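These notes are about the structure you will find just below.
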């Protein structure tokens, strides 16, 4: 869903709870919402200043740093509009449950951040304001947003209930020195990626082709979806029914598992990495030649002492030729959206705030500490001055992305298929190989678990 790298471990923990949500009727798992204030709690009267409440997702390494990054923007908005924004930053481990609790009880903020992969799940609660023609006009129109990002706002054929806020996409980072010493170029196809990885892998000297967070359900789902889409796979049919054993999805997962299995270009110890910190450390320390990660990884690498002279970035390559039905993508559209609760007493103020905080001017400020991509068509990348990163990630977001299936039950795919891939990674690390039948069996079990809870 595009959370920053530091947040993914927390989000993985939260997925077990999300998997138990049934969005059919809609049944919502209620949890205690300590500290929540109602949408109607935004203050102000006809003669006084208006106050709205904003729950922001934690995008910096800490809640305090996220607050520090956002407050200047909120202060500037108040100076311009006279509207005071009461800010609460919520960590990713709690954001999903608190959002669903607010949706089911009607007690929550006026405005809230959501992971865009949850947009249709939250839309199905009926608690969020649809952005119809009037609302879209109030925030400056839909055409100012990157189309792929805007498409994440809700189910197809319905007015969106969330608007793009900040963006993230995946790319492939490579160590320039390791590739140069091996006499190889950055890969432009999946076949080249595996060849490069095999040429540079040297277990005796502790160097591997790639490093992965193999024990991390969220990232394993991401890789299954990206590679499966490249291979023509689809996890759901046109009716929204699960098709987890789709041959293309199986092919994509096989390619991912083979990296640590039959190809032996990933350290078996990577199966135990439950967050992104160790793979990044391996890359920084020259223990891996390549790393698949989102654009905010580039900022993290530089904070750890690397410079653009040390690494390059290319799209995650596809098989060549592209399999039948396959898509030439490097990523899904990751990112954070922003929504308004339907029962807010300050709709006009909330819309004015959404317009402001998603403007190119505000995003130029916000994107720097969050390592994020702008979601406006005329936005400027400000989190990095690396021209290669700017060019590569701009190209990926504009032309080499797809969206997650826009259905309310998508969280079940994350938990069940991501969990299955995590188990397959562990099996490959232990046994050295995973067969196609093993993958099909694991995905069939994942689908049965999904169907039992959705």
>> Kindly evaluate residue 339 against the criterion of being surrounded by fewer than 24 Cβ atoms within 10 Å (Cβ to Cβ), over 20 Å from residue 400 (Cβ atoms), at pLDDT 95 or above and touching a helix residue (DSSP H, G or I) at 6+ places or on another chain (Cβ under 9 Å).
In response: no
> Which members of region 244-258 meet the condition of being over 27 Å from residue 209 (Cα atoms) and over 22 Å from the mean Cα position of the chain (by Cα)?
Replying inline: 245, 246
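Could you please find all residues in region 48-68 being closer than 17 Å to residue 111 by Cβ, under 20 Å from the mean Cα position of the chain (by Cα) and part of a helix (DSSP H, G or I)? Steps first, answer last, please.
Initially, region 48-68 is screened for residues closer than 17 Å to residue 111 by Cβ, giving 49-59, 66-67.
Among the residues that remain, those that are also under 20 Å from the mean Cα position of the chain (by Cα) are: 55-59, 66.
Within region 48-68, 66 is the sole residue that qualifies.
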> Out of curiosity, is residue 256 modelled with pLDDT of 95 or more, outside any loop (DSSP other than H, G, I, E, B) and touching a strand residue (DSSP E or B) at 6+ places or on another chain (Cβ under 6 Å)?
Replying inline: no
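Is it true that some residue in region 319-328 is modelled with pLDDT of 95 or more and buried (at least 24 other Cβ atoms within 10 Å of the Cβ)? It would help to see each step written out before you state the result.
Step one: of region 319-328, the residues modelled with pLDDT of 95 or more are 319-328.
Still in the running and buried (at least 24 other Cβ atoms within 10 Å of the Cβ): none.
No - not one qualifying residue is present in region 319-328.
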> Tell me, which helices (runs of 4 or more DSSP H) wholly within region 169-253 include 2 or more residues that are surrounded by fewer than 20 Cβ atoms within 10 Å (Cβ to Cβ) and assigned by TED's automatic domain parsing to the domain that holds residue 288?
Replying inline: 176-182, 190-200
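Does region 439-449 contain any residue that is touching a strand residue (DSSP E or B) at 6+ places or on another chain (Cβ under 7 Å), part of a helix (DSSP H, G or I), assigned by TED's automatic domain parsing to the domain that holds residue 308 and modelled with pLDDT of 95 or more? Write out each step before concluding.
We begin by selecting, within region 439-449, every residue touching a strand residue (DSSP E or B) at 6+ places or on another chain (Cβ under 7 Å); these are 447.
If we keep only those that are part of a helix (DSSP H, G or I) too, we end up with 447.
From the residues that got through so far, the ones that are assigned by TED's automatic domain parsing to the domain that holds residue 308 too are 447.
Imposing the further condition that a residue be modelled with pLDDT of 95 or more reduces the set to 447.
Yes, some residue in region 439-449 is touching a strand residue (DSSP E or B) at 6+ places or on another chain (Cβ under 7 Å), part of a helix (DSSP H, G or I), assigned by TED's automatic domain parsing to the domain that holds residue 308 and modelled with pLDDT of 95 or more.
Here's the yes/no breakdown for (1) under 29 Å from residue 399 (Cα atoms); (2) under 19 Å from the mean Cα position of the chain (by Cα); (3) assigned by TED's automatic domain parsing to the domain that holds residue 154:
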residue: 325; (1), (2), (3): yes, no, no
residue: 339; (1), (2), (3): yes, yes, yes
residue: 346; (1), (2), (3): no, no, yes
residue: 350; (1), (2), (3): no, no, yes
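The values are calculated or read from the model by the stated rules, or taken from the named source; none is laboratory data. Every value quoted in this text rests on a predicted model; they were computed, and no experiment measured them. Here Cβ is always computed from backbone atoms with ideal geometry, including for glycine, and neighbour counts include all displayed protein chains.
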